[in-house]
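Heads up, the thing below is written out as structure tokens.
The values are calculated or read from the model by the stated rules, or taken from the named source; none is laboratory data. As the structure is a prediction and not an experimental result, all values here were calculated from the model. Glycine gets a Cβ as well: all are built from the backbone with ideal geometry, and neighbour counts include every protein chain shown. For the accessible areas, the whole protein counts, side chains as well, though only heavy atoms, and no ligand, DNA or RNA atoms are used. Shrake-Rupley method; radii C 1.70, N 1.55, O 1.52, S 1.80 Å.
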Amino acid sequence: MESADLIIKTARKSKIQKKDIKPEMIVHEGTLTTFDNPLVKYINVKKNFGELQVLKGIDLEVGYGEKLTIIGSSGSGKTTLIRMLMTLEKPSSGIMEIEGESLWTMKKNGKTVPADEAHLRKMRSKVGMVFQQYNLFPHMTVLDNCTIAPIKVKGMDPEEAKEQAIQMLKRVKMSDKINYYPNQLSGGQKQRVAIARAVLMRPKILLLDEVTSALDPEMVGEVLNVLNEIAQEEKEMTMIFVTHELDFAREISDRIIFINEGYILEQGKPESILNDPKSERLQAFLSRFKENRNL
Amino acid sequence: MWSWSFTFKVLPKLLSAAKITFIATILGFLLASILGLVWTFLKRAKIHWISSSATAIVEFIRRTPLLIQLFFLYYTLPSFNIRLPALTVGIIGLGLHYSTYLSEVYRAGIEAVEKEQWEAAKSLNFTPYQTWTLVILPQAIPPIIPMMGNYLITLFKETPLLAAISVVELLQQAKIIGSEYFQYLEVFTLVGIIFFIFSYPSSLLVQYLEIKLKNPAEKRM
């Protein structure tokens, strides 16, 4: 029974895939899309959830220190794209690399085999993430949330970790709340702590997944201000934002990519792509945003 | 009828037997707590034969009477050349039986931890061991403490079953005294009262913990 089901499913899936024709990617003038030495590389990456194909073939390179923003309507697969880099989702096919090393496979006795936990941990140490729902540890104070991973994972001296955490919490304007528990904080405050916690691990790549989407409108500003400052100051740190805050994206991004129906449809520098969208889809997407703002 | 002098005469004997009851309760529960967690992990194992055999064993122990398990352990262990004092066998029996209930309690506690907490742990590159000990269990255990408390009280009330395998705990002692003097009213009443004195306040404590742990914000303020 089961295997018969599987065959039917696979057959259906391949039919769907055949129908889809990969659209031509539009690259705005003067946009750097390939690098001699990319930090992150996606090669024809696909991702299915059951029968639903969310990503249909992503090719993407990200450079060292780049600030990249991914935009697209909900369900377009933009969150999935970065969750795969944090190893929270596994691609269905394709190759992902960090610093030229394959994320999901490894070499063992000259053969390529699926990555084991040790390999994934090594790769994961280069990546950090801030989540939409903050995901702070509710049983730890703000300070402990920020020091636990540096101490336990990186083996940092507790005093040193504490000092760095306090410095970092100053930068996100939370240093007066170091002994509070997450449930005593507002959403905006929680998210600023979550940002501090992620940056303190000094990842090469920091992923920010719709970090203001769950916030009350009056708290969005404080979080974006903090993020803006961090993006300016952390020149070395590559940051990939998934966001609907287009003004913010315009200000901080080196490049914006637009994902539509599982493909990267258009990419370019912020001014160019936001002021002069080429594809109909992006034009429609952007005009929806302008309408919403006028309401 | 009721004789007070007899009551005070037998009370010390009963209280010293109560010690055995407490030892069996505490050690049995300790064993159940540890073994319960082991079952929970085995049932979650990624290797199928481990998880399915753990599930089968747990279900078997949970769905058969404790008294039979006690008899089984007490009378068959010696034929495997394992000779243990009756109390030890009793503690193992109680611990094993209740571990299967506690395993369910742990499972509920672990499943109540939001899946985002696992993702946060991964994003900070915790090892699986660190994820369990630093993130998941510290959040999973406090809410289930009242449930564990209830099982502790139930286990306490089931210790008289150990009388069946010749452990001289409260009930067995009462029986011995009763048959010695042919006077049962006082001894069995006292046994009832001793059980009540310990189980009732414990149940109040559990209720108190339930209310207190329901609102972690207040606890932390």
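Counting only other chains, what is the mean number of Cβ atoms within 10 angstrom of the Cβ of each residue in peptide A:41-48? Each step should come with its number before you reach the end.
On the way: counts 0, 0, 0, 0, 0, 0, 0, 0.
Per residue, the average neighbour count from other chains is 0.
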Original post:
In a shell of Cβ-Cβ distance under 12 Å around A:Lys177, excluding A:Lys177 itself, what net charge do Lys and Arg (+1) and Asp and Glu (-1) give?
Top reply: +3
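Between B:Lys115 and B:Gln183, take the C-beta separation as r, use R0 = 56 Å, and let me know the FRET efficiency to the nearest 0.05. Could you put the intermediate results ahead of the total?
Numbers: r = 62 Å, r/R0 = 1.10.
So the FRET efficiency works out to roughly 0.35.
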**OP:** At most 13 other Cβ atoms within 10 Å and a DSSP loop assignment: could you name the trypsin sites (Lys or Arg not before Pro) in region B:30-104 that fit?
**Re:** B:Arg44, B:Lys46, B:Arg63, B:Arg83
Original post:
Can you give the accessible area buried between chains A and B, summed over both chains, with a 1.4 Å probe, in Å² to the nearest 100?
Top reply: 2200
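Which whole number gives the average count of other chain Cβ atoms within 10 Å of the Cβ atoms across peptide B:111-124? Could the numbers behind the result be given before it?
On the way: counts 0, 0, 1, 3, 1, 6, 5, 2, 8, 13, 5, 8, 18, 18.
Across B:111-124, the average partner-chain Cβ count within 10 Å equals 6.
For region B:4-215, give the percent of accessible area contributed by carbon and sulfur heavy atoms, probe 1.4 Å, rounded to a whole number. Intermediate values should be presented prior to the final figure.
Details: 7980 of 11130 Å².
Using a 1.4 Å probe with all protein chains present, region B:4-215 comes out at 72 percent carbon and sulfur.
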Subject >> Dipole magnitude of chain A about its Cα centre (Cβ charges: Lys, Arg +1; Asp, Glu -1), debye to nearest 20 >> reply: 980
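Using only C-alpha positions, report the orientation-averaged shadow area of the convex hull of the protein assembly as shown, nm², one decimal.
Values: hull surface 139.8 nm².
In nm², the orientation-averaged hull projection of the protein assembly as shown is 35.0.
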Original post:
Can you pull the accessible area of A:Lys107 for me, 1.4 Å probe, Å² to the nearest 10?
Top reply: 150
**OP:** For A:Met86, A:Met201, A:Met25, give the ranking by accessible area with the largest first, probe 1.4 Å.
**Re:** A:Met25, A:Met201, A:Met86
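Can you compute the FRET efficiency between B:Arg62 and A:Glu280 using 1/(1 + (r/R0)^6), with r the Cβ-Cβ distance and R0 = 45 Å? Round to the nearest 0.05. Don't jump to the answer; show the numbers that get you there.
On the way: r = 62 Å, r/R0 = 1.37.
Approximately 0.15, to the nearest 0.05.
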Subject >> Sequence-distant aspartates and glutamates (8 or more away, or on other chains) whose Cα lies within less than 19 Å of A:Lys170 >> reply: A:Asp144, A:Glu159, A:Glu160, A:Glu222, A:Glu229, A:Glu233, A:Glu234
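Using a probe radius of 1.4 Å on heavy atoms only, what accessible surface per residue do you get for region A:177-295? Whole Å² is fine. Please list the in-between numbers first.
Numbers: 5090 Å² over 119 residues.
Accessible area per residue: 43 Å².
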**OP:** Could you pull the accessible area for A:Asp116 with a 1.4 Å probe, rounded to 10 Å²?
**Re:** 60
Subject >> Residue-averaged [θ]222 nm for the protein assembly as shown, counting only DSSP H segments that reach four residues, each worth -39500 (n - 2.57) >> reply: -18500 deg cm²/dmol
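Below 10 angstrom from the Cβ of B:Thr100, what's the summed charge of the other residues (Lys, Arg +1; Asp, Glu -1)? Intermediate values should be presented prior to the final figure.
Working: positive: B:Arg62, B:Arg63; negative: B:Glu59, B:Glu104.
Spelling it out: positives minus negatives among the neighbours equals 0.
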Subject >> In degrees, nearest ten, helix A:2-19 long axis to first principal axis of chain A (Cα) >> reply: 80
**OP:** Could you sort the residues of region A:133-171 by number and keep only those whose accessible area is reduced by 40 Å² or more in the all-protein-chain setting relative to the chain alone, 1.4 Å probe?
**Re:** A:Asn135, A:Phe137, A:Pro138, A:His139, A:Lys152, A:Val153
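Ranked by accessible surface with a 1.4 Å probe, highest first, in what order do B:Ser199, A:Ser175 come? Don't skip to the answer; put the middle values down first.
Numbers: B:Ser199 20, A:Ser175 45 Å².
Largest accessible area first, the residues go A:Ser175, B:Ser199.
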Original post:
Using the heavy atoms of the protein chains alone and a 1.4 angstrom probe, what is the accessible area of region B:34-76 per residue in square angstrom?
Top reply: 66
**OP:** Using protein chains only (no ligands, no nucleic acids) and a 1.4 Å probe, work out which residues of region A:199-247 have their accessible area cut by at least 20 Å² relative to the chain alone.
**Re:** A:Met201
**OP:** Give the accessible area for A:Lys47 in Å² (nearest 10); use a 1.4 Å probe, count only protein heavy atoms, and leave out ligands, DNA and RNA.
**Re:** 20
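Would you mind working out the magnitude of the charge dipole of region A:136-202 relative to its Cα centre, with +1 at each Lys and Arg C-beta and -1 at each Asp and Glu C-beta, to the nearest 20 Debye?
Magnitude of the dipole: close to 320 debye.
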Subject >> Accessible carbon and sulfur surface of chain A relative to its total accessible area, %, 1.4 Å >> reply: 49
Original post:
Helix B:66-76: angle to the longest alpha-carbon principal axis of chain B, degrees 0 to 90, nearest 10?
Top reply: 80
**OP:** Of the options A:Ala165, A:Gly188, A:Ile151, report the single residue whose Cα projects farthest towards the positive end of the charge dipole of region A:136-202 (beta-carbon charges: Lys, Arg +1; Asp, Glu -1).
**Re:** A:Gly188
Original post:
Can you work out ³J(HN,Hα) from phi for every residue in region A:181-193, in order, using Karplus 6.51 cos²θ - 1.76 cosθ + 1.60 and θ = phi - 60°, giving whole Hz and x for Gly and Pro?
Top reply: 9, x, 6, 9, 10, 6, x, x, 5, 4, 5, 5, 5
**OP:** May I ask for the angle, rounded to the nearest 10°, between helix A:280-294 and the longest principal axis of chain A, with both axes built from Cα atoms and the value confined to 0 to 90°?
**Re:** 40
Original post:
If you take the charge dipole of chain A about its Cα centre, with +1 on Lys and Arg Cβ and -1 on Asp and Glu Cβ, which of A:Pro277, A:Asn292, A:Phe35 is farthest toward its positive end?
Top reply: A:Phe35
Original post:
Cβ under 14 Å from A:Pro38's Cβ, A:Pro38 left aside: what net charge do those residues give with Lys, Arg +1 and Asp, Glu -1?
Top reply: -4
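Evaluate chain A: find the radius of gyration of its Cα atoms, find its Kirkwood radius, and give the ratio Rg to Rh. Mind showing how you got there, number by number?
On the way: Rg = 20.2 Å, Rh = 20.5 Å.
Dividing the radius of gyration by the Kirkwood radius yields 0.99.
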Subject >> Approximate shape of chain B as ellipsoid semi-axes (Cα gyration tensor, √5λ), whole Å, largest first >> reply: 39, 24, 11
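Could you grab the relative contact order for region B:4-215? Cα pairs under 8 Å, six or more apart, rounded to a whole percent. Present the calculation step by step, with values, prior to reporting the outcome.
On the way: 217 pairs, mean separation 61.8, N = 212.
Contact order relative to length: 29 percent.
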**OP:** Taking the Cα centre of region B:4-215 as origin, work out the dipole magnitude from +1 charges on Lys and Arg Cβ and -1 charges on Asp and Glu Cβ, in debye rounded to 20.
**Re:** 200
